[in-house]
Amino acid sequence: MPRTAPPRLLDRLRAACRTRGYSIHTETTYAHWTSGLVRFHHRRTGHALHPERMSESDVAAFLSHLALERDVAASTQRQALCAIVFLFDHVLDRPLDSLDLTRATRPRRLPTVLSLSDTSRLLGALTEPPADLIARLLYGSGLRLAEALRLRVKDLDFERGSLTVRSGKGDKDRLTMLPPSLAPALRKQSDYALDRHRRDQSAGRPGVYLPYALARKLPSAPHDPAWQWVFPSPVLSVDPRSGLRRRHHVSDSLVQKAVKRAATRAGLRARVTPHTLRHCFATHLLESGTDIRTVQSLLGHASIKTTQVYLHVTQSAVAAVSPLERLAA
């Protein structure tokens, strides 16, 4: 039984992702779902079926299988759908007209949000650099973890008190606030990153990674100080695309583990992740009277409906008085 899609197909898929400047994470995810589509039909029919010969009903059967038999979340099914639509649009040149599939249900979930005092305790318990500064940036600027890790030196504007998020979710750029209290630490971190870059250059190491199209347009940019990661990794790693051994940014797991340890030290009972700090940023802004449209812009939400979930967090627990309190009175 084939464990992946045909190698040539995956090579074409990866090339299409790189031509469009997609991240290595997106490329890997799209390859995973393409292989999953092929494996599903091999198990279903007993023989290999190349996606070029699949009908729209074949594709719909796989996506429905994810919802009905694997019981995946709606977001997971949507991710698989995006990958397969990309495959048919940009690799096979066979756009899918319509798919009659069973949609995974999407139950309403309220985000975990810490109180101001619990947030302060969590941040106070974070003492491991650079995870401590990254966590403060997630809370102070409302960044996603990947957005913070991918910051480059040129994205920090200390004079205006802002930072630019490049190619955020939906491949969009946006501006958000750079808290004045973080400016000294971020300046020091940037100086550290540039000093690390100078030593790498002296050692003859390759420059920083740039998306494929950008690397062709700006061949000198990988060696330009402005393009260096703000949070460079302490170790070199092999770039899976080029095979070059170069310095990437710090890993997401470093921050995730540090936040988990800090939550334990702070005695927090809620399940806390780095993304919790982004939820806290939005909710605490709304609680302090910030206009929801402003919060939407800072978070980079395409729809105000996405931002409105934080209104439910701020209102649901305080809108009424429990009848138990009347008995106590």
With every protein chain in place, the stretch 193-324: carbon and sulfur % of accessible area (1.4 Å): 55 percent
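Over the Cα atoms of the stretch 137-178, what is the Rg over Rh ratio if Rh follows Kirkwood? Spell out each step's value before the answer.
Values: Rg = 9.4 Å, Rh = 10.2 Å.
Ratio of gyration radius to Kirkwood radius: 0.92.
In debye, nearest 20: dipole of the stretch 1-147 around its Cα centre with unit charges on the Cβ of K, R (+) and D, E (-)?
Working: 20 positive and 15 negative charges, 35 e Å.
It works out to roughly 160 debye.
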Simple SL model, points at 7 angstrom along Cα→Cβ for L311 and Y192; separation in nm is 4.1 nm
Apply the a/c threshold of 1.5 to the C-alpha gyration tensor of the stretch 15-55 and tell me whether it is rounded, prolate or oblate. prolate
Give the lysines whose C-alpha is closer than 30 Å to that of K257, dropping any in the same chain fewer than 8 places away, or say none. K154, K169, K172, K188
Farthest toward the dipole's positive end in the chain, which of A258, A185, Y22, given Cβ charges of +1 (Lys, Arg) and -1 (Asp, Glu) about the Cα centre? A258
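Peptides 262-271, 295-304, 136-145: what's the order by average Cβ count within 10 Å, highest mean first?
Values: 262-271: 14.2, 295-304: 16.5, 136-145: 22.3.
Going from most to least packed, we get 136-145, 295-304, 262-271.
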P(r) for the stretch 123-265, please, calculated from all Cα pair distances in 5 Å bins and given in %. 2, 9, 19, 22, 21, 15, 8, 3, 1, 0
Cα radius of gyration and Dmax for the stretch 1-140 (Å): 19.9, 59
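State which stretch of the chain is the longest one without any exposed GluC sites (Glu not before Pro), exposure meaning a DSSP loop state and at most 15 other Cβ atoms within 10 Å.
Values: sites that count: E69, E159.
Excluding the exposed sites themselves, the longest stretch runs over 160-329.
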Binned Cα-Cα distance frequencies in the stretch 186-298 - 5 Å width, integer %: 2, 9, 15, 15, 13, 14, 13, 10, 7, 2, 0
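Can you work out the accessible area per residue across the chain, with the rest of the protein chains kept in place, probe 1.4 Å, in square angstrom? Before the final figure, lay out each step's value.
Values: 18120 Å² over 329 residues.
Heavy-atom accessible area per residue stands at 55 Å².
I need the fraction of alpha carbon pairs in the chain separated by more than 32 Å, rounded to a whole percent.
Numbers: 23012 of 53956 pairs.
Of all Cα-Cα pairs in the chain, 43 percent lie more than 32 Å apart.
What value in Å³ per residue do you get for the convex hull of the alpha-carbon atoms in the stretch 90-189? Show your work: numbers first, answer last.
Working: hull volume 18.2 nm³, N = 100.
Once divided by residue count, the hull of the stretch 90-189 is 182 Å³.
The values are calculated or read from the model by the stated rules, or taken from the named source; none is laboratory data. Keep in mind that what you see is a predicted model, and the values were worked out from it rather than measured. Every residue, glycine among them, receives a Cβ derived from its backbone with ideal geometry; neighbour counts consider all protein chains shown. Just the protein is used for accessible areas: all its heavy atoms, side chains included, with ligands, DNA and RNA removed. Shrake-Rupley method; radii C 1.70, N 1.55, O 1.52, S 1.80 Å.
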